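Written out below as structure tokens is the structure these notes cover.
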Amino acid sequence: MFFRWDWLRPQLTAPIVPTLGPVHPDALSVDLFEDILRAADTGDFLPYDKDRRWGGEKDEKVLGEDVVHQPGRTLIPTLTRRGRGTVKVFAYGLRDSVVEDADELASKLAAVHDVVNAQVVRPLSPKTAHPRGTRIQLKDFTAGPCPDPGGPVRPVTAWPTAVQKAFAPFADTMATDGLAFLHHQMQADRCGPVLAAVVDDRIVGAIGPMEVRADAIGRPQLMPQYFAVLPDARGQGLGRTLWRAAMRWGQTHGAAYQLLQTEVDGPSDQLCQSEGLATLGFSHTTRA
């Protein structure tokens with residue numbers, strides 16, 4: 001065993017794990033970190049990796065030989081060849097100096113592996129006074145019912161054919177929010193249902209795919225979704241209606257929870273905070 005839990009556990013200010021992203025706090029364990037090292041050797045997806053649903057091969061891998069694990073700090077570098085390549089160093093530790101150490105390691109490894117981008121990912125406590133980056137939020141479906149929000153929201157396949165055909169131009173318009181990628185997965189029949197909001201026979205918003213899978217400890221988790229509303233349709237409550245419909249879908253299909261990442265103070269962040277989601281911490285990424 002490489003990691004010592006008595007060293008690592010005090011350093012985990014937020015439940016985020018390299019190559020996996022946010023995990024439920026109950027799933028945090030030394031075995032989880034050991035698993036990501038083993039996956040780096042095999043190149044396979046872990047059974048509970050959320051990216052596994054897209055198929056293919058896992059692109060981001062831990063650079064196991066370069067991990068630094070000490071009582072006061074743990075630095076875990078990862079490498080992806082996507083695009084021009086990126087080295088990320090996840091900096092765990094309570095002292096701010098851990099960022100400087102991670103910055104140095106990221107720059108060195110980017111040069112070694114001949115990639116363009118070097119980044120440092122710093123998990124931050126939910127008590128951080130002035131957070132930046134992304135907020136990790138928890139929707140607990142066991143805490144109470146998720147009522148049907150009503151409104152013009154249905155699965156895309158439940159709308160008339162003419163409306164379904166409107167998804168392609170909607171997806172192209174919202175490509176930067178991941179909707180073009182999602183549309184590609186839908187066409188290949190490689191994902192679960194997608195919910196769409198329709199006004200005047202035009203798709204103006206969508207959230208999906210809707211899928212529930214077991215996490216590292218076997219609890220059913222509603223997987224992350226792509227979520228977007230056209231700019232000219234905002235301000236009408238459609239985003240909230242879509243999100244509530246997605247939460248109802250997750251609860252009625254047996255999910256125990258969902259984890260969300262939202263840009264601090266962004267529209268989705270404000271929506272989730274107003275809906276009472278619990279903040280588990282933050283993740284702040286900087287260039288090395």
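The values are calculated or read from the model by the stated rules, or taken from the named source; none is laboratory data. From a predicted model like this one, the values you see are computed outputs, not experimental measurements. All Cβ positions, glycine included, derive from the backbone under ideal geometry; neighbour counts span all protein chains shown. Quick note on the areas: whole protein, heavy atoms, side chains included, nothing else; ligands and nucleic acids left out. Shrake-Rupley method; radii C 1.70, N 1.55, O 1.52, S 1.80 Å.
Summary table below
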read-out	value
Candidates Asp215, Asp265, Asp269, Asp232, filtered to the one that is among the charged types (D, E, K, R) and touching a Lys or Arg at 6+ places or on another chain (Cβ under 7 Å)	Asp269
Qualifying position, being surrounded by 21 or more Cβ atoms within 10 Å (Cβ to Cβ) and of a type outside the set (Phe, Trp, Tyr), among Ala233, Ala255	Ala255
Odd one out for Phe282, checked against (1) open to solvent by 10 Å² or more (accessible area, probe 1.4 Å); (2) in a strand (DSSP E or B); (3) not basic (Lys, Arg)	(1)
Set Ala216, Ala228: member being in contact (Cβ under 8 Å) with a residue 60 or more places away in the chain, surrounded by 20 or more Cβ atoms within 10 Å (Cβ to Cβ), closer than 21 Å to Arg53 by Cα and out of contact with any strand residue (DSSP E or B) (no Cβ under 6 Å at 6 or more places or on another chain)	Ala216
Boolean, Gly55 is open to solvent by 30 Å² or more (accessible area, probe 1.4 Å) and closer than 23 Å to Arg84 by Cα	yes
Residue within the range 12-19 that is part of a helix (DSSP H, G or I) and either open to solvent by less than 20 Å² (accessible area, probe 1.4 Å) or over 25 Å from Met186 (Cα atoms) (or both) present	no
Any hit, the range 119-126, residues being modelled with pLDDT of 95 or more, part of a loop (DSSP other than H, G, I, E, B) and either open to solvent by 30 Å² or more (accessible area, probe 1.4 Å) or in contact with a Gly (Cβ under 9 Å, 6 or more places away or on another chain) (or both)	yes
Some residue of the range 261-268 being open to solvent by 20 Å² or more (accessible area, probe 1.4 Å) and within 24 Å of Leu46 (Cβ to Cβ)	yes
The range 108-118, residues that are among the hydrophobic types (A, V, I, L, M, F, W, C) and open to solvent by 30 Å² or more (accessible area, probe 1.4 Å)	Ala111, Val112, Val116
Failed condition for Asp189, given (1) of a type in the set (D, E, K, R); (2) without any contact (Cβ under 8 Å) to a residue 12 or more places away in the chain; (3) more than 20 Å from Lys50 (Cα to Cα)	(3)
Helices (runs of 4 or more DSSP H) enclosed by the range 151-267 - at least 1 residues per element that are touching a Phe, Trp or Tyr at 6+ places or on another chain (Cβ under 9 Å) and modelled with pLDDT of 95 or more	167-173, 179-187, 238-252
Which listed residue, of Arg38, Arg132, is more than 23 Å from Leu8 (Cβ to Cβ) and either in a loop (DSSP other than H, G, I, E, B) or open to solvent by 50 Å² or more (accessible area, probe 1.4 Å) (or both)	Arg132
Among (1) outside any strand (DSSP E or B); (2) hydrophobic (A, V, I, L, M, F, W, C); (3) within 23 Å of Ser274 (Cβ to Cβ), the one test that Leu138 misses	(1)
Tally of residues being of a type in the set (A, V, I, L, M, F, W, C) and within 21 Å of the chain's Cα centre (by Cα) across the range 67-88	4
